[in-house]
1. Scan segment 164-189 residue by residue and report those that are within 14 Å of ligand 1 (Cβ to nearest atom) and either open to solvent by 10 Å² or more (accessible area, probe 1.4 Å) or among the polar types (S, T, N, Q) (or both).
2. If you check Phe251 against the conditions, is it out of contact with any helix residue (DSSP H, G or I) (no Cβ under 6 Å at 6 or more places or on another chain), more than 16 Å from ligand 2 (Cβ to nearest atom) and either hydrophobic (A, V, I, L, M, F, W, C) or farther than 30 Å from Cys134 by Cβ (or both)?
3. Can you name every residue in segment 102-135 that is within 14 Å of ligand 1 (Cβ to nearest atom) and either at pLDDT below 95 or open to solvent by 30 Å² or more (accessible area, probe 1.4 Å) (or both)?
4. Can you tell me which condition Ala248 does not meet? The list is (1) among the aliphatic types (A, V, I, L, M); (2) at pLDDT 95 or above; (3) part of a loop (DSSP other than H, G, I, E, B), and all the others hold.
5. Being open to solvent by 10 Å² or more (accessible area, probe 1.4 Å) and either within 22 Å of the chain's Cα centre (by Cα) or within 28 Å of Arg213 (Cα to Cα) (or both) is the filter here; which residues of segment 260-279 pass it?
6. Has segment 206-224 got any residue that is of a type outside the set (Gly, Ala, Ser), open to solvent by 30 Å² or more (accessible area, probe 1.4 Å) and in a strand (DSSP E or B)?
7. Answer yes if at least one residue in segment 50-63 is within 11 Å of ligand 1 (Cβ to nearest atom), of a type in the set (A, V, I, L, M, F, W, C) and open to solvent by 30 Å² or more (accessible area, probe 1.4 Å), and no otherwise.
8. Enumerate the pairs (first residue in segment 178-190 and part of a helix (DSSP H, G or I); second residue anywhere and open to solvent by 10 Å² or more (accessible area, probe 1.4 Å) and modelled with pLDDT under 95) with beta-carbon separation below 7 Å, excluding pairs fewer than 6 apart on the same chain, so at least 6 apart or on different chains.
Amino acid sequence: MLPLPKFRWEAPSRLDAALELLERGNRGRVSDQGDVAARRGPVLPVAGGTDLVPNLKHRLITPEMLVSLSKLSDEHLRGVRDERDGIRIGALTSLSEAAGDPLLEAYFPALAKGYRLVASPQIRNMGTVGGNLCLDTRCTYYNQTSFWRQALGYCLKREGTQCHVVLGGTRCVAASSSDGATLLMALGAEARLQRDGGDRWLPVEKLFLGEGRRNLAIDASELVTEIRLPRPAPGLRTAYQKLRLREAIDFPALSVAVALELDEEGLCRSLCIVVSSLGAKPRVVAGLERMAAGKELDGKVIDEITKHAYRQCQPLTNIPLDTEWRHEMVPVFVRRGLLEALGRSPGPETA
Ligand SMILES: Cc1cc2nc3c(=O)[nH]c(=O)nc-3n(C[C@H](O)[C@H](O)[C@H](O)COP(=O)(O)OP(=O)(O)OC[C@H]3O[C@@H](n4cnc5c(N)ncnc54)[C@H](O)[C@@H]3O)c2cc1C
Ligand code: SF4
């Protein structure tokens, strides 16, 4: 059994107190240089702990203090609400609750599906929507014990000087592995970031940086407190496809979120496809407007889109699954996602 490192523990009951602890502990002590430990600050928030606790045990992070969010009683932190400016999800809402929420199921069925596909029932009961969005990136050379990593001389993300995925690379390309992030990006969601004396909204698309050491564009003293989704436009269709080895528990090896709008005649008004688990941030497939806008999404158009996604999305050896195979799966999963959104059966694979 891997023991936890030593750290101090605070579990305040009000958000203000949690934000103050983070601000006081991290002020002037975070550098944007160096490895992930330097980038995060000595005081970290923990929600369900389903990602953070294994990372502590592997000595991937060694904080001085953890601020638990689990006892916070502020109302806006929990549950799904239909409000004037959109659909809001509190960051401390459990994945199980979000997965079974009737409002999400009615408005964004793919998002509810995505949360249902995270890990296992026990992890979904503990894990939160906010922790899922802020999930650390993962890599086959990094998410290992300290002993295992030591044999390779560690890596850029922690304690080492080289990347084992991109030899000679100066950036970390560990994979963004959050199911929720991929979907929230495709749906045009925003995240509310609160800190001691501050409050701002940031589009989820802007929340992610292409750097696996710390892929979140948020300050060490900020917390994600809510997510806001725009009310669904008429004709919105959503879909989510996830590739993984063991359907019962695994992280995605490739994930595809689709959000498309059809007009009254069934022609495509807008299309957004986000592909993830390839690099440090989810990737919006660029250039789809000219292929899809104003057209019927028939077999020919779908074939063009899948080939286009194949050319843009190149998996890396950051996940222990054959890279070429994952690449070949990109068009297959994009096609399945489009057909799911359109309510058509996938039929025999042609991609
Ligand atoms: C076996 C296993 C399988 C898994 N499979 C999947 C999977 O298939 N898909 C998937 O997406 N995830 C998976 N996970 C990862 C994880 O369980 C989920 O993503 C979960 O939702 C994380 O939420 P949490 O509340 O437990 O986060 P925590 O572990 O508490 O925190 C995760 C990170 O986010 C930060 N954080 C937490 N809350 C906030 C906040 N409100 N504001 C700012 N920062 C915050 C923490 O400091 C930490 O860095 C898996 C985990 C395990 C152990
Ligand atoms: S991508 Fe490279 S630097 Fe990043 S965790 Fe993996 S081996 Fe380390």
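The values are calculated or read from the model by the stated rules, or taken from the named source; none is laboratory data. For clarity, every value in this text was computed on a predicted model and none was experimentally measured. Reconstructed Cβ throughout: ideal geometry from the backbone, glycine too, with neighbour counts over all protein chains shown. Surface areas here come from the heavy atoms of the whole protein model, side chains and all, with no ligands, DNA or RNA. Shrake-Rupley method; radii C 1.70, N 1.55, O 1.52, S 1.80 Å.
1. Passing the criteria: Ser176, Ser177, Ser178, Thr182, Met185.
2. So Phe251 fails the test.
3. Lys113, Arg116, Leu117, Pro121, Gln122, Ile123, Arg124, Asn125, Met126, Gly131, Cys134
4. Every condition holds for Ala248 apart from (2).
5. If the condition is that a residue be open to solvent by 10 Å² or more (accessible area, probe 1.4 Å) and either within 22 Å of the chain's Cα centre (by Cα) or within 28 Å of Arg213 (Cα to Cα) (or both), then Leu271, Cys272, Leu278, Gly279 are the ones that fit.
6. no
7. Among the residues of segment 50-63, at least one is within 11 Å of ligand 1 (Cβ to nearest atom), of a type in the set (A, V, I, L, M, F, W, C) and open to solvent by 30 Å² or more (accessible area, probe 1.4 Å), which makes the answer yes.
8. none
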